[in-house]
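Below is one structure; the comments refer to it alone.
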Amino acid sequence: WNQVGTDITGTAAIANGATPASVGSPITGITMLRDVPSVSIDGGRVQGTGRYVDHFGNILSDIPLGVVRHVFGDETRARLRVGSRDAGPLRTTYAEGTAGRLMGLVNSWGLVEVAMNGGRAIDYFDGAQPQSIRFELTTG
């Protein structure tokens, strides 16, 4: 339904029992995007790509929490490697990271990211664009 996901009043109406048809019209096709990195799952390994660097210097990937939980059951059972660097097991908060060392976690957007407690993770990738940075999760 084309307006449900973008219109807060439509979403609220559905939450209160309205039908999707009463707040929007159906979408009739699917658009395939080309040249957009995607997540791959191979057994107990998940691979993704950097997508964005926030103003703190954290590198957000395209790996959503749902995929992490699907493969590992619990995000804290996953270990993150970013490029050639080991970021350790996924943490639940930034404060859990050792100052000055890379760490992985699932951020408030529900995406795996690499961060640094007290620093900028992107500074450790020699000016690389986020799209060239590979993320890999394995069993921690």
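Among the residues in the range 77-88, are any in a helix (DSSP H, G or I) and open to solvent by 20 Å² or more (accessible area, probe 1.4 Å)?
Yes; the residues of the range 77-88 include at least one that is in a helix (DSSP H, G or I) and open to solvent by 20 Å² or more (accessible area, probe 1.4 Å).
When you go through Val82, Val68 one by one, which is the residue that is over 12 Å from the mean Cα position of the chain (by Cα) and modelled with pLDDT of 90 or more?
Exactly one of Val82, Val68 is over 12 Å from the mean Cα position of the chain (by Cα) and modelled with pLDDT of 90 or more, namely Val82.
Go through Gly119, Gly127, Gly50 for me and flag whichever is open to solvent by less than 70 Å² (accessible area, probe 1.4 Å), of a type outside the set (Val, Ile, Thr) and within 12 Å of the chain's Cα centre (by Cα).
Gly50
Report whether or not Gly110 is surrounded by fewer than 16 Cβ atoms within 10 Å (Cβ to Cβ) and in contact with a strand residue (DSSP E or B) (Cβ under 8 Å, 6 or more places away or on another chain).
Answer is yes for this residue.
What tally of residues in the range 59-69 results from selecting those that are open to solvent by less than 10 Å² (accessible area, probe 1.4 Å) and not in a strand (DSSP E or B)?
Qualifying residue count for the region: 1.
The values are calculated or read from the model by the stated rules, or taken from the named source; none is laboratory data. Remember, predicted model here, so these are calculated numbers, not experimental data. Here Cβ is always computed from backbone atoms with ideal geometry, including for glycine, and neighbour counts include all displayed protein chains. With ligands, DNA and RNA removed, areas are computed over all heavy atoms of the protein, side chains included. Shrake-Rupley method; radii C 1.70, N 1.55, O 1.52, S 1.80 Å.
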